[in-house]
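We did not get these values from a lab; they are worked out from the coordinates using the rules stated. Note that the structure is predicted; figures quoted are calculated from it, not measured. Because the Cβ atoms are built from the backbone with ideal geometry, glycine has one as well, and the counts that use them run over all protein chains shown.
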Amino acid sequence: MKNYLLGVFLMMSLSVVGQTYYPTNLGTKTKESHFQAFTELTLHPQPGETIENGTLLIRDGKVVAAGSQVKIPENSVVRSLPGQHVYASFIDLYTSFGIDEIDPKTTRGRSTQYKANQEGGYWNDHILGDYQAISDYSYNEKEAKIYREAGFGIVNTHREDGIHRGTGVLVALTDEKSENDRILLSQSAAYYSFSKSKQSNQSYPSSVMGAMALHRQVYHDANWYRTGNSPTKDLDLEAVLNQRSLPKIFEANNKLNVLRAAKVSTDLKENWIIKASGQEFEHLNSLKSYGNSLILPLNFPKPYDVSDPALLEKITLGQMRDWNQAPTNPAKVAAAKIPFAITMDGADSPDTFIENLRRAVAYGLSEKQALASLTTVPAKLIGQSESLGIIKPKAWANFIITSGPFFELDSKILDHYVKGNRHRINDAKQLDLDGTYTLQLDTHALELELENSTQEEEIELTVMEGEVEWENTIKYEDGQLNITLSNAEGLSAILEAKVKQPGMLKGTGIGFVGDPIQWNASLKEEENKERFLVFKPATTSYPNNGFGFKKRPQQVRILFKNATVWTNEVEGVLSNADVLIGNGKIIAVGTNLSDTTATVIDATGKHITSGIIDEHSHIAASSINEGGHNSSAEVTIEDVVDPDDIDIYRNLAGGVTTIQILHGSANPIGGRSAIIKLKWGETAENMLFPNADPFIKFALGENVKQSNWGSYNRFPQTRMGVEQVFVDYFQRAKEYGTEWTQYNQLSARQKRYTTQPRYDIEMETLWEILRGDRFISCHSYVQSEINMLMKVAERFGIRINTFTHILEGYKVADKMATHGAAGSTFSDWWAYKYEVKDAIPYNGAIMHRAGVNVAFNSDDSEMSRRLNQEAAKAIKYGGISEEDAWKFVTLNPAKMLHLDDRIGSLKAGKHADLVLWTDHPMSVYTKAEKTLVDGIVYYDAERAKTQLEKIAEEKKELIAQMVQAANNGMTTQAPMNPQKREFHCETLD
Amino acid sequence: MKKIILLSLLVPCLIQAQQTPAPPQNESILIKGVTAHIGNGVVIENAAIGFDNGVITYVGATGSAPSGYDQTIESDGQHAYPGFIGMNTTLGLVEIDAVRATDDEDELGEMLPHIRAAIAYNAESQVVESVRPNGVLMAQVAPRGGRISGSSSVMQLDAWNWEDALMKADEGIHLHWPNPFYRGRWWLGEDPTLKRNDSYTKEVQSIADYMTKAKAHREKQNPKHLPYTAMSGLFDGSKSLYVHADYGEQIEESIDQLMGWGVKKIVLVGAHEAPKQLDLLKQHDIPVIIPRPHRLPYNEDEALKSTFTLGTKLVEAGITVAIEMSGRMERMNTRNLPFYAGSFAAYGVPYEKAVALLTSNPAKILGLENEIGTLEAGKRATFFLSKGDALDMRTNILSHAYIDGRAISLESHQTELYQRYSEKVN
């Protein structure tokens, strides 16, 4: 904050109030006390309320009175503004006004940085809780002008940096006076995000799930700090505690992160106000249930440039819908009754902001709601309902005067008063004259085409007499129009007019023969002045992309007749058998079944199996690794499930119904897994397998040693170190558990005199493992490390549930069997790194014969859609029987996930997760014809085919809209095809 | 005359680093009762195959087979296929992907026609021996990287050294056509969306310059330009130009330009969007080597199985199609080549034509159609017997494989470990 020079005071023109207790040496200390009255206005004191012929009376920066019966005191300066409208100034809660952007720290060392730079605060540089934007804020006239032009008189500003960003400042955007007048609240709100600080390269958190975990841990740490149990000072935690009563604003910015922020907010009962993405209409029910207020941006995407067909065909229907549907977002959020404010963030100019605001209204947002979201809603969210966002006595005199009703396309903001100080925006006299006029001068019928009439510098006039163009000059300032005309034959004229109303130009001038003339030109025809078209919005599907469902599919009752049924039960493979499903469950498996209410599907010649289960998948997640620490037990993939991932549908097309999304292998102790059912079109929450045992990923070998990329400063760098990581963490978790157990046994009275242990999410997770409440799936390759981990586990009295990859499992299969570990391996992968040099495709067969429960998994978004063929490789390599080989991808992984009581075989009472195959399920020639999850047909080959035609149809329609948009003058963007990232164990985020 | 019953599995007693290459064929053999997949679309049930001195002497009905063979084998209804040919592989050039010291596939530089894959081919690679038991007996080995990666050669996969393995040296040069689109590298913080490549025209121009100079270069020139010399075969038809291109407009422009520069034999590699250019490919009789079907579609909106149906579209149009191996974990995946053909068959390529994708078609592309690619008298006795359909992983179980009549080992480092640890566990 800067103290402005006194010179600023000298420039003030009106209502010098100043600070009464400030001395002055520049004159006498006389106080001005005029009223300002605005009369004959249409007054909009608050959304939904309109007063015709109203009067607004203000003094000393505040509203004195507003209404139709206002008595105007004698000492009033009166402005009579017939036809003009007055609205309360808008409030933008999400800005970084007056705060310089941070230069990102780009220099990176040879190795990753694990330690924080900061001292005195939290252990993580991205927690900047004690930062106060007021310390860097300084008023920026240029930026303020931009906000005022868009209607915003009040902004809440903060520094966009860090996961905890500290506090913001509420500023009134008046160029008059000093910061004493502008700063309304020096600590107006606390700001947060999932994005790391640009000032530090500290690696943790490297993922969204890490950022989520960090938010939770900071919250718990602050609670613990409050009890006074911390042995050291922590300025960030102190600040966080001080901010508990402030409004909390969270920047999320993409549609899934909005939901994630809402989830963390709900978990912590933090009631965050979430700066959203603009695509909230896709997840209204979830958002509604979380109950957060939102801040919506109006930066609607531009239509794609459709002139390059080769590039155009590479953009997806989803992208096209993003453009087409975005303007419906505010209306839909409003219809869902989710409270929201509107921000200008992301808009490239005040004009586009206002245009998009009007577009949102044209797409169904009520004017009342639009105004509320710009005024009363943000005022309430920031706790300033009495003084901001409303025109009523004692509120700050913050208002805009517009030339007509705000939402009409021709209306302009003329003046913007902030704290009673006038800022001129558009000249009331400067009317928009664009259009073609006819003018009869003597015998000459002329056509005058005027463009850019509101931009003095850029105004253009074309004068035509039939096919002949006349030379001309034009000037239009302050409502004064001056035109000169001449043609090739030497005729010339001078025209002058004071323009009073649009559509009609009339005035005086000098005619062709040098005599004064009267002239008038009238608008040729009613020009279509609409600058945007309202296109028919595409129907939102679940998920909102090409293969999404327009209507979520429902449970069905089906009787499959005459199939070859692979039961995975003692009955084995049944020929000419029937399967009856209903209410999401298998009702019966047998022969000659009948059911009068079921849809009968003739499955003659076809095969039915239970759905494929992939024990090791990385699809359907927004991040996979939190590699910022060598243990990340505090993170969970459940936080970052991506329900829109097309790979879910592709996997269904390969007969997969349940997957475990594992954390990656960047660190010895990874994150918790998500076990999901592939219920395409459902929300992430609804995909989670209900009441499944919780799992966690561990990892060994080259990845956790960081052998194959340049990182040399994180422990462990050897397999020896890997062992000690586990021993250390388990030991600490054991001690942590003991500490809490002892504390929890104390009486309430004793607790008061005892230090409460610190709640640590990472330790909680590891303690769950030691208690037998959470299970380990460990990425592993060579026999030494496999054996080591089993021994470490045994030392702590636990069992490794599953070794995944486990390519040298065949060397220690006997030990695994004794320990009770399962093996989830690849059918035939090897030679991709040194530790898989001895990987053999017979691994599954040997482990199976040694009594280990064996599965084949994918770890790959492509291979996962043909795990049935991978199972077949167990027949080829090692001669496993067909029935046992099939269990490698169904029943066995179900057992590994402790879900074999519900899925993995075809048996009455189990979930109706099954696949109808065209052929033997392990044949290279077979195809999944239908894939059902919980008795719902999520994949149907026939639908997939017709869906392609529908995608093509809809694209055609949207392309036609974009052609129209471009021809109508909308700025376009180049088509760009987003790359979908495929995750594997090694993907480092 | 000895009679051997096939189903016995010979287990080696010694664990050794590599399988020993088989000695030359020293007695004539007649295999009876096979289902012979000739490789050219024809299948003969209950056929016999006779071969001597490394060359096939008889293929036809078992009943009409001549007598006088030193050895007769009853195949018990097994399936015989010409040895499968891996195209655009890097077999033997890299042993372990992540170990840089074992990586010899990508040389420094952009225009490297003189770089020769053959001499880096490791005949003793454990990966190479792991692909033979699935029927892949020959491979085109090609370098990677750069604009012109270098020269590929055809190798047979059972040899003491690269020289013995060579079937056709430096038969083609691999050119990667500039990409009309560009994607930023996300890991460097660039925008990863697909955009127009602004330097496309410039990149094409630089190829044009290079080609023009190469064509003008004469071998006797002093000083002699080694890369241009390596290119000379392209203009007289003694070498093929393998142009790697995926997008429709890339395919169109590359073929148009290459013909304009006087390149005689053009083979298209990759070609995800080849169906857009069917007429052009047919008109100029350009063979296409398509990628593995085991890939994901380019786009979220694309047909779920677009990578599987690509084969059908090209085969139905009458184009000569083979399958290439480039991609993730490509060396070790070479053993899955038969299943790629099976996958194309699953999505519409008639079965015997799917066999041709691995046999007669690549043979023709390599200019070796008179030596390999079909089970016909006079051709090299390079073929194998499988207990069932070799394109299906359930039944691709080989009992015998021959390269030039030599009965090669179907064992590997992996089968030996299998044997050793099966014994330990049981």
With a/c under 1.5 counting as rounded, go ahead and sort segment A:297-439 into rounded, prolate or oblate using the C-alpha gyration tensor (a ≥ b ≥ c being the square roots of the eigenvalues; past the cut-off, prolate if a/b is larger than b/c, else oblate). oblate
How far apart, in nm, are two points set 7 Å out from the Cα along the Cα-to-Cβ line at A:Ser245 and at A:Asn53? 4.8
Scan around B:Phe181 for amide H atoms under 5 Å from its own, H built in the peptide plane at 1.01 Å from N, and keep only partners 5 or more places away or cross-chain. B:Asn197
Using a/c under 1.5 as the rounded threshold, could you call segment B:69-219 rounded, prolate or oblate? The axes a ≥ b ≥ c are square roots of the C-alpha gyration tensor eigenvalues, and prolate needs a/b larger than b/c, oblate otherwise. prolate
Amide H of B:Ala47: which non-local residues (sequence gap of 5 or more, or other chain) have their own amide H closer than 5 Å, using H built in the peptide plane? B:Gly33, B:Val34, B:Thr35, B:Ala36, B:Thr62
Pairs of Cα atoms under 8 Å, at least six residues apart: use those to get the relative contact order of chain A, whole percent. 11
Which whole-angstrom value gives the distance between the alpha carbon centres of segment B:147-226 and segment A:136-163? 54
Point-to-point label distance, A:Tyr21-B:Leu226, nm (Cα→Cβ direction, 7 Å offset): 8.7
Applied in sequence order to segment A:556-563, the curve 6.51 cos²θ - 1.76 cosθ + 1.60 (Karplus, θ = phi - 60°) yields integer Hz couplings, x standing for Gly and Pro, of 10, 9, 10, 10, 8, 10, 6, 9
Quick one: angle between helix A:350-362 and the longest Cα principal axis of chain A, in degrees between 0 and 90, rounded to 10, please. 70
Among the lysines, which have Cα under 24 Å from the Cα of A:Lys71 when same-chain residues fewer than 8 positions away are ignored? A:Lys31, A:Lys62, A:Lys392, A:Lys394, A:Lys419
Return the calculated 222 nm mean residue ellipticity for chain A, to the nearest 500 deg cm²/dmol, obtained by summing -39500 (n - 2.57) across DSSP H runs with n ≥ 4 and dividing by the residue count. -7000 deg cm²/dmol
Note down the magnitude of the dipole of segment B:84-368 about its Cα centre, charges +1 on Lys and Arg C-beta and -1 on Asp and Glu C-beta and zero elsewhere, to the nearest 20 debye. 440
Answer with one residue from A:Ser858, A:Thr890, A:Tyr842: the one whose Cα lies farthest towards the positive end of the charge dipole of segment A:794-928, charges on Cβ with Lys, Arg +1 and Asp, Glu -1. A:Thr890
Roughly how tilted is helix B:337-346, in degrees to the nearest 10 and between 0 and 90, from the longest Cα axis of chain B? 80
Choose one of A:Gly509, A:Asn426, A:Trp396: the residue whose Cα lies farthest towards the positive end of the charge dipole of segment A:385-513 (beta-carbon charges +1 Lys, Arg; -1 Asp, Glu; about the Cα centre). A:Trp396
Could you tell me which of the pairs B:Lys239/B:Lys282; A:Lys145/A:Lys198; A:Lys833/B:Lys195; A:Lys551/A:Lys677 are separated by over 25 angstrom between their Cα atoms in the structure shown? A:Lys145/A:Lys198; A:Lys833/B:Lys195
B:Ser64 to B:Arg328: FRET efficiency via 1/(1 + (r/R0)^6), r the Cβ-Cβ distance, R0 41 Å, to the nearest 0.05? 0.30
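Report, in deg cm²/dmol and to the nearest 500, the calculated mean residue ellipticity at 222 nm for chain B, where each DSSP H run with n ≥ 4 adds -39500 (n - 2.57) and the sum is divided by the residue count.
Working: 13 runs with 106 residues, N = 426.
The helix contribution divided over chain B gives -6500 deg cm²/dmol.
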For the cross-link pairs A:Lys288/A:Lys585; A:Lys930/B:Lys313; A:Lys429/A:Lys524, which exceed 28 Å when the distance is taken from alpha carbon to alpha carbon? A:Lys288/A:Lys585
For the A:Asn482, A:Leu235 Cβ pair and Förster radius 51 Å, calculated FRET efficiency rounded to 0.05 is 0.20
Calculated FRET efficiency, A:Gln455 and A:Thr266, Cβ-Cβ r, R0 56 Å, to nearest 0.05? 0.70
Name the residue from A:Gln947, A:Leu56, A:Ala653 whose Cα lies farthest towards the positive end of the charge dipole of the protein assembly as shown, charges +1 on Cβ of Lys and Arg and -1 on Cβ of Asp and Glu. A:Ala653
Provide the convex hull volume over Cα atoms per residue for the protein assembly as shown, in Å³. 248
One quarter of the convex hull surface, Cα atoms only: what value does that give for segment A:199-313 in nm²? 10.7
Unit-weight point scatterers at every alpha-carbon of segment A:435-523, Debye formula, q = 0.17 1/Å: log10 I(q)/I(0) is -0.65
Run the quick spin-label model on A:Glu883 and A:Thr754: label points 7 Å from Cα toward the beta carbon, then report their separation in nm to one decimal. 5.6
Let me know the mean shielding of A:643-656 by other chains, meaning the per-residue number of their Cβ atoms within 10 Å of its Cβ. 2
Under the rule a/c < 1.5 gives rounded, and otherwise a/b versus b/c splits prolate from oblate, where does segment B:84-368 land using the Cα gyration tensor? rounded
Out of residues 5 or more away from A:Phe549 or on other chains, whose amide H comes under 5 Å of its own, with H placed 1.01 Å from N in the peptide plane? A:Tyr542
What angle, in degrees between 0 and 90 and rounded to the nearest 10, separates the Cα long axis of helix A:783-795 from the longest principal axis of the Cα atoms of chain A? 90
Using unit Cβ charges (K, R positive; D, E negative) and no other charged atoms, how large, in debye to the nearest 20, is the dipole of the protein assembly as shown about its Cα centre? 3800
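So how much slack lies between A:Thr738 and A:Lys198, counting 0.36 nm per residue of separation and subtracting their Cα-Cα distance, in nm?
This chain segment gains 190.4 nm when fully extended.
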